[in-house]
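Shown next, in structure tokens, is the structure this report addresses.
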Amino acid sequence: MAGPGRETAGALAVARIARRALHGFLLLVGVSLLSFVLVELAPGDYFAEMRLDPRISEATVRGLRARYGLDRPLPQRYLSWLASLARGELGYSFAYGGPVGPLLWPRARNTVLLTATATALAWLLAVPLGVWWATLRGGPVAHGLAGLTAFLLAVPDLVLALGLLLLAVRTGWFPTGGMVSLGHEQMSWGAQVKDVASHLALPVTALVLGLLPVLVRYVRASVADALHAPFVRAARAHGIPERRVLFRHALPAAANPLISLFGLSLAGLLSMSLLVEVVMSWPGLGPLLLEAIQARDFHLVLGPVLVSTVLLVGGNLLADLLLLAADPRIRAEEK
Amino acid sequence: MEAEQALVRVCGLNKRYARRGERRGSPGIQALADVDLEVARGATLALVGQSGSGKSTLARCLARLEEPTSGQIWFEGVDLLALRGRRLRPFRERVQLILQDSAAALDPRLSAVEIVAEPLDILGRGGKRERRGRAWELMETVGLPSAWGERRPRELSGGQRQRLAIARALAVLPRMLILDEAFSGLDASIQAQIAGLLQELRGRHGLTYLYVSHDLALMARLAREVAVMFEGRIVERDSVERLFADPRHPHTRALIAAVPSWPAPAAKPPVP
Amino acid sequence: MPALLEIRDLVIHYDAGKGAPVVAVDELSLDVEDGEVVGLLGESGCGKTTLLLAVLGLLPPPARVMRGSIRFRGRELLALGDFDLRRVRGAEISIVFQEPTLALNPVRRVGSQVAEVVRAHRQSSGLRGREEASSMLAEVGFTEVDRIYDAYPHELSGGQRQRVVFAQALACRPALVLADEPTASLDSTTQAELRGLLSALQSRFGLALLLVSHDLGALAALARRVLVMYAGRLVEAGTPVQVFHDPLHPYSRGLLRAFPRAAASAVSPEQGLPEPIPGSPPDLARLPPGCAFEPRCPDRQLACAERPPQEVRPADNRRVRCFTYGG
């Protein structure tokens, strides 16, 4: 039974990525269309409030709507939005009176900063904790961990976030909102970084506390399973030291489901942070989206949705790549 | 042998599996190549071969668990491959499959007696009380004491699970049993017990058995005829005596050579 | 001159939770001499796997050694801590498990898995480890060693995987190999090949081998002595010819009759159907007070139900635990 050619392995990986990217692109198109239609179907539009105001005449509203093209048929509006997408403008925001694009990018950047930090921190904590818990095999510490994670899972994210805010207010250790302090631009580069970091601390903590229990349990379950695998027993039987058994045998075998989970967690970055951003006034996509929905600012709603979908596709693609690299059996399936 | 006499008749059966990721039209794996086979009513035939020889594929095609790529199968004179869906039902009652280590084939959530009663429930024969009664009878027939009736499959030993699988298979009054590596993984004395049970059942119900195995030694004891499979073809088929006395195909000879031998037990137990 | 491996009066219990513990191994004693092949014959639940695991201190937690001694080269293995035991495992005593597919890590290349065993014991550099692993892969019969070294387990056939497992077990040239049904899960022709390989390796390296197997042919060909186990006890011991041709214990007799013998002159199937042993396998949690085999024994007497028989030696190198012969 011949092994796979090393030369073709790379080509197959590229083919697989290309396929996935294509699927992702189609998904984006589908999501954009669906979101467009759904938002359209929702009652009211940006000018709905205005219509209720008796001082503004019906004709004025109609005129405004015509000016912004809100009375044109749906497919036409969709296409013109797509065109705007291609230009990088992502449509027009009524509330801000300008293209959506420039509004979106700084917010998106802030969200990614927050969620990437939180995800990285959560995983960096979850893996050692989960591995350690898996090696404990019962006992008071293991039970304690089980209880703690169960507790954190049960507490709603909102309560966690509010609790942290309360802590911040009471102790004054952390700023309680925003991303930068006053006078941020005048600070030195080092001080600027510290400033952002201190503002980051609280929302990141909230997110990590929400993510951690799920991840730790998953890691523990995966590693515990792997530790019972026959090849782990065989490795021990060969006199391989326990630490090596854990890190070079159990963990790589446990990695498979964890990598899929990692991809999923990347995908959920935006939705996860929405609540925390709003509660802690972090200037990310969350508050922007909320505002836009409340104002029925059509295109501004679609922007973050699209960004979220891009993150989803990107996350899955990354997970796919990692799985390909980590598990030779999956590489073989592609042959 | 005329078509009416043979219980099963296979003509020119082919089965090709495409390799994953390959385009259509590529050769793939030829699991069965032009197989012809006839099984007479009441026969005991063993398909013997190594892994990859196609024996399990053939058994699964016969049980209609897989679709052959081409060829024909007749069962009791009826063209089997033409039947689909509901019309296949009567066939399913007539041919039952018993697999290696039924742990995978038995629903882990059901108790033993529920597993045996399940085919009867599905067919809807008789009232619930009758079906349960019949299930208990069947369990007794296969030597599973009633104490085990409420246990789940994972509480049973390998041999007991096989008995359960046989009881379930008998529930629908089949004509033929296909046993695919049904003895692998069982201890020798348990194998012997199951073999004895099958022998008795065959006599009582007039069953036909098709065994699939790589263990030629065991098959030589259980079956009257052996068909040797190699790379998707039947390369030799004969009665056990003739096969061992005069093996013609090199693969048959290789299989016979692989059968281990050890000093035979003395005829009488030694006087202490 | 002490034997290489000396097991004396070993008792192993499984804690079954509430109630009495399950006796997995009961007062077992056996010796393995340097370079000797000892076969262990028995059915599931007889304690053979438990015994092998106990030698290397690999018993899973509900199982415990209650008393007895396991001496290897004069050292008491049961008294060794985990650190010292690890030095013995793989280097002086190796174990080969059934199911080669499961014994290899699926996401690592097989060569590195063999080299890992070398490195764990020899403190060799990366390159030395690879060299030794490669040479061992050649010893177990691979011709394209480099290709196999870089292969993953799923790219190899069952027989090839088991050869890799042999390579792992022998990588550090242990004196004793414990083999638990090493050819059981394979095709018959592959089994025959590996039987030959095991024999060749045993003589080439002068290995002592404790071979648990239900492959009577392998036992007949390789073993100097065969031990029969039932319900955690040793019930008979002797040379293969003695045990297979002249079994003393009723269980051995019954067991041997249950194995299908296919000789060149096969008789018709009805006559040759393997004979089962009457009754069912013992429930280790509820053993009778007397001989464990008594409920199924065709030769049972009154004494058999009252107390377990002692071991007797009816002849040189013959052991049997049955009232028929005394005890």
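General observations
- log₁₀ of I(q)/I(0) at q = 0.20 Å⁻¹ - segment C:1-145, Debye sum with one point per alpha carbon: -1.30
- Of A:GLY101, A:LEU153, A:ALA326, farthest towards positive along the dipole that unit charges on Lys, Arg, Asp, Glu beta carbons give the protein assembly as shown: A:GLY101
- Net charge dipole size for chain C [Lys, Arg +1 and Asp, Glu -1 on Cβ; Debye, nearest 20]: 500
- Segment A:97-141 versus segment C:282-327: alpha-carbon centroid distance in Å: 66
- Top of A:GLU277, A:GLU89, A:GLU185 by mean-square fluctuation, Gaussian network on chain A, Cα under 10 Å: A:GLU185
- Computed across segment B:104-145, the Kirkwood hydrodynamic radius from all distinct Cα-Cα pairs reaches 10.5 Å.
- Long-range HN-HN contacts of B:ALA43 with modeled amide H, under 5 Å: B:TYR209
- Spherically averaged projected area in nm², based on the convex hull that wraps the Cα atoms of chain C: 18.7
- Whole-Hz ³J(HN,Hα) from phi, Karplus 6.51 cos²θ - 1.76 cosθ + 1.60, for segment B:120-132, glycine and proline x: 5, 4, 5, 7, x, 8, x, x, 4, 4, 4, 5, 4
- Vicinal HN-Hα couplings computed from phi for segment C:205-211 (Karplus, 6.51 cos²θ - 1.76 cosθ + 1.60; Hz; Gly/Pro x): 9, x, 6, 8, 9, 9, 9
- Segment A:14-81 versus segment B:71-90: alpha-carbon centroid distance in Å: 57
- Computed on chain A, with alpha-carbon pairs under 8 angstrom and 6+ residues apart, the relative contact order is 26 percent.
- Rg/Rg_globular for segment B:88-184, with Rg_globular taken as 2.2 N^0.38 Å and Rg from C-alpha atoms: 0.99
- What the Cα atoms of segment B:1-118 give is an Rg and a Dmax of 16.3, 48 Å.
- Across segment A:284-290, rounded Karplus estimates of 3J(HN,Hα) from the backbone phi angles (6.51 cos²θ - 1.76 cosθ + 1.60, θ = phi - 60°) give x, 5, x, x, 4, 5, 4 Hz, Gly and Pro being marked x.
- Kirkwood estimate for segment A:1-127, i.e. one over the average of 1/r between Cα atoms, Å: 19.2
- Computed over segment B:181-239, the Cα gyration tensor eigenvalues convert (square root of 5λ each) into semi-axes of 21, 15, 9 Å, ordered from largest to smallest.
- Chain B - mean residue ellipticity at 222 nm from DSSP helices (-39,500 (n - 2.57) per run, n ≥ 4, rounded to 500): -10000 deg cm²/dmol
- Cβ-to-Cβ counts within 10 Å put C:LYS48, B:LYS55, C:LYS18 in ascending order as C:LYS18, C:LYS48, B:LYS55, the fewest first.
- Net charge dipole size for the protein assembly as shown [Lys, Arg +1 and Asp, Glu -1 on Cβ; Debye, nearest 20]: 740
- Think of each Lys and Arg Cβ as +1 and each Asp and Glu Cβ as -1; about the Cα centre, that makes the dipole of segment B:162-207 roughly 260 debye.
- Here, chain A yields an orientationally averaged convex hull projection of 24.8 nm² when only Cα atoms define the hull.
- Pairwise Cα inverse-distance average, inverted: Kirkwood Rh of the protein assembly as shown (Å): 33.2
- Net charge over other residues, Cβ less than 13 angstrom from the Cβ of A:GLY130 (K, R count +1; D, E count -1): +1
- Over segment A:75-142, relative contact order from alpha-carbon pairs under 8 Å, at least 6 apart, %: 13
- Counting only DSSP H runs of at least 4 residues, each contributing -39500 (n - 2.57), and dividing by the residue count of chain C, the helix-based mean residue ellipticity at 222 nm comes to -9500 deg cm²/dmol.
- Equivalent-ellipsoid semi-axes for segment A:263-307 (Cα gyration tensor, √(5λ), whole Å, largest first): 18, 14, 6.
- Theoretical ellipticity at 222 nm over chain A - DSSP helices of four or more residues, -39500 (n - 2.57) apiece, nearest 500: -25500 deg cm²/dmol
- B:LEU97 long-range amide H proximity, modeled H, under 5 Å: B:ILE178
- Over segment B:1-147, relative contact order from alpha-carbon pairs under 8 Å, at least 6 apart, %: 21
- For chain C, built as a Gaussian network whose Cα springs stay under 10 Å, the top-fluctuating residue of C:GLU144, C:GLU294, C:GLU76: C:GLU144
- The spacing between segment C:148-191 and segment B:225-269, judged by their C-alpha centroids, is 26 Å.
The numbers here are math on the coordinates, done by the rules we state, and not lab data. Since the structure is predicted, the reported quantities are computational estimates derived from the model, not experimental observations. In this analysis, Cβ positions are derived from the backbone assuming ideal geometry, glycine residues included, and neighbour counts consider all displayed protein chains.
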